[in-house]
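The block underneath contains the structure these notes are about, expressed in structure tokens.
The values are calculated or read from the model by the stated rules, or taken from the named source; none is laboratory data. Computed from a predicted model, the values in this text were never measured in an experiment. Cβ atoms come from the backbone with ideal geometry, glycine included; neighbour counts cover every protein chain shown. Remember, those area values only see protein heavy atoms, side chains included, never the ligands or the DNA or RNA. Shrake-Rupley method; radii C 1.70, N 1.55, O 1.52, S 1.80 Å.
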Amino acid sequence: MRKKLPIGIQTFEKIIEGNYIYVDKTKIAFDLIENGNCFFLSRPRRFGKSLFLSTLKAIFEGKKEFFKNLYIYDKWDWSKKYPIFHIDFGNQKAKTEDDLISFISNQIDDVANFYKISLSRKVYYEKFRELLEKLSQKYEKAVVLIDEYDKPILDNITKSKLATEMREILRGFYTVLKGADPFLKFVFLTGVSKFSKVSIFSGLNNLEDITMASQFACICGYTQKDVETSFKDWLDGVDLEKLKKWYDGYSWLGESVYNPFDILLFLRNKKYKSYWFETGTPTFLIYMINQKRYFVPELENLEIEEDILSRFDVNDIQIEALFFQTGYLTIKKTREQGNVIKYTLSYPNLEVRLAFSNSLIDFFTKEPSKKYRHKDALYDAILDKDMEGLNESFFSLFAGISYTNFTKNDIHTYEGYYASLIYSYLSSLGFTLVPEDVTNLGRIDLTLKTDEAIFIFEFKVDEQGGLEQIKEKRYYEKYLAEKKEIFLIAIEFSKEKRNIVNYSWEKLLKQYKESEPK
């Protein structure tokens, strides 16, 4: 009988006892325990962080019977059992400072009661230190496991004052770990964001950040081998290439991994859809795009320096770091430029690309019910290479956006708005897109590829000459070798009219290519 899919189960013992599939991560756990004692890991939501912490907890509790046939079984000294302080901030709903302090204090009291320890201190961070000290005196050194360490901050990130207050409370809590080293056997913290040590960990110098350590790239998530071996009994009729295109692609400088949440739900339902994305609408990311007037097509191929990925704090939010840490972008390439490491970020897979594009459409138009009609018209026009139909579809798209969308904001004056909306629609259709497409003479605003044709777009806002620019800079030359039909398209927008005021196009003819001077 095939093992069951562990959908929604984050407790290690429950997976083993219930005959669910468990992808063995105990080699990574063993390597961590043997080679350090204080670690931090950032991964997106619903990526298996809680299950990994549950596995660590079972190891330190000496539950040998659950680890039979797993890597660590004959390597760990099961006779030793350590007291555990495990706190999961994912379970809290703190809306005020008092809520958060009360949650932390109650968690400390629960652990103290479990281990029959009496505490005299009242302030939450003083009580935490007292607990760790008394645990190590009465038992072995303590193990501290903290899940979703940053959730109280992220839950309130759009409320700067409250987010800062939450950060200060957590700083007081985490700072205890700095002076409690003599009482600690092992510490592991997980979260989504990667707040700087200065802002929240306050000098916790022994905290090793393994987020970007290639040897731990697969600490959460499933590799291709994991999918093909651990889940082989569930793969009948599954197109592995399509599965990979939809759900693989998350990378932290090592082997790429699948999102476990997606794989488990897909294998149960055998239907391709945005399982992970639908569990949490990225409203804050959309808010940031609007606030910073971000040019959305750049998300397709975004190059940033290494330090940007870790520059994140309540009052210094780097949108690129936020997209990476939350899983909507991932590392596709790295390169060295002198002493600087640069990363190229893009969408990890088709699920994120399609779902995020649809969310952007809803935000830009405020009329999600109309998008499917526009998407169908655009899709048909592109596949049919119907340039006039494409014009009509684009014009109808912008004409259908209610004027009330612009009465309380000035988004229509933002030049990137027009190109961003078109990009979002085309991206949601699944075509291959190359924004800011580099040539030897400049950058194409947007290139779209199908099996039969290539479409080169130039966008202008309150400006003319788009088609002339494409021809003058010979943007099409880089695609001549592909032997496909090439269409040159210039679209000019008016901020005043909030729509297209000039649309021109040409099909690149063979004789035109040969006769035009180099």
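The table below gives the values:
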| read-out | value |
| --- | --- |
| Sole residue being touching a Lys or Arg at 6+ places or on another chain (Cβ under 9 Å), crowded, with 16+ Cβ neighbours inside 10 Å and outside any loop (DSSP other than H, G, I, E, B), chosen from 200, 219 | 200 |
| Residue check for residue 105: among the hydroxyl-bearing types (Ser, Thr, Tyr), within 21 Å of residue 153 (Cα to Cα) and without any contact (Cβ under 8 Å) to a residue 24 or more places away in the chain | yes |
| Residue within segment 87-95 that is more than 33 Å from the chain's Cα centre (by Cα) and of a type in the set (D, E, K, R) present | no |
| Matching residues, segment 65-107, being assigned to a helix (DSSP H, G or I), farther than 26 Å from residue 183 by Cα and open to solvent by less than 20 Å² (accessible area, probe 1.4 Å) | 67 |
| Hey, residue 326 farther than 17 Å from residue 247 by Cα, of a type in the set (Ser, Thr, Tyr) and either in contact (Cβ under 8 Å) with a residue 24 or more places away in the chain or surrounded by fewer than 16 Cβ atoms within 10 Å (Cβ to Cβ) (or both) or not | no |
| Close pairs (6 angstrom Cβ cut-off, 6 or more residues apart or separate chains): without any contact (Cβ under 8 Å) to a residue 40 or more places away in the chain and over 24 Å from residue 161 (Cα atoms) in segment 75-102, part of a loop (DSSP other than H, G, I, E, B) and not acidic (Asp, Glu) anywhere | 78/62 |
| Residue in segment 252-264 that is open to solvent by less than 20 Å² (accessible area, probe 1.4 Å), in contact with a Cys (Cβ under 7 Å, 6 or more places away or on another chain) and outside any loop (DSSP other than H, G, I, E, B) present | yes |
| Selection from segment 451-498 of residues that are at positive phi and surrounded by 15 or more Cβ atoms within 10 Å (Cβ to Cβ) | 474, 498 |
| Residue among 134, 127, 122, 151 that alone is surrounded by 14 or more Cβ atoms within 10 Å (Cβ to Cβ), at pLDDT below 95, among the charged types (D, E, K, R) and over 23 Å from residue 29 (Cα atoms) | 151 |
| Leading residue by the ranking (farthest from residue 64 (Cα to Cα)) among those in segment 108-134 that are of a type in the set (S, T, N, Q) and in a loop (DSSP other than H, G, I, E, B) | 120 |
| Contacts under 8 angstrom Cβ, first residue in segment 263-288 being farther than 21 Å from residue 324 by Cβ, partner modelled with pLDDT of 80 or more and small (Gly, Ala, Ser), 6 or more apart | 270/237 |
| Given (1) within 30 Å of residue 160 (Cα to Cα); (2) touching a residue at least 60 places away in the same chain (Cβ under 8 Å), number of the condition residue 31 does not satisfy | (1) |
| Subset of segment 369-412 [modelled with pLDDT under 75, part of a helix (DSSP H, G or I) and open to solvent by 60 Å² or more (accessible area, probe 1.4 Å)] | 403, 404 |
| Odd one out for residue 267 among (1) modelled with pLDDT of 90 or more; (2) in a helix (DSSP H, G or I); (3) crowded, with 21+ Cβ neighbours inside 10 Å | (3) |
| Residues of segment 37-52 satisfying the condition of being over 14 Å from the mean Cα position of the chain (by Cα) and in a loop (DSSP other than H, G, I, E, B) | 37 |
| Hits in segment 54-64 - residues which are part of a helix (DSSP H, G or I) and either in contact with a His (Cβ under 7 Å, 6 or more places away or on another chain) or not aliphatic (A, V, I, L, M) (or both) | 54, 55, 57, 60, 64 |
| Residue within segment 54-70 that is small (Gly, Ala, Ser) and in contact (Cβ under 8 Å) with a residue 40 or more places away in the chain present | yes |
| Number of the exception - residue 429 against (1) open to solvent by less than 50 Å² (accessible area, probe 1.4 Å); (2) modelled with pLDDT of 90 or more; (3) aliphatic (A, V, I, L, M); (4) assigned to a helix (DSSP H, G or I) | (4) |
| Exclusive hit being farther than 20 Å from residue 148 by Cα, in contact (Cβ under 8 Å) with a residue 40 or more places away in the chain, in a helix (DSSP H, G or I) and open to solvent by less than 60 Å² (accessible area, probe 1.4 Å), set 226, 233 | 226 |
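Rundown of residues vs (1) of a type in the set (S, T, N, Q); (2) open to solvent by less than 10 Å² (accessible area, probe 1.4 Å); (3) part of a loop (DSSP other than H, G, I, E, B); (4) out of contact with any strand residue (DSSP E or B) (no Cβ under 7 Å at 6 or more places or on another chain), yes/no style:
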residue	(1), (2), (3), (4)
164	yes, no, no, yes
168	no, no, no, yes
175	yes, no, no, yes
190	yes, yes, no, no
194	no, no, yes, no
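A quick yes/no check of all residues on (1) touching a strand residue (DSSP E or B) at 6+ places or on another chain (Cβ under 9 Å); (2) at pLDDT 90 or above; (3) part of a helix (DSSP H, G or I):
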position	(1), (2), (3)
424	no, yes, yes
437	yes, no, no
443	yes, no, no
446	yes, yes, no
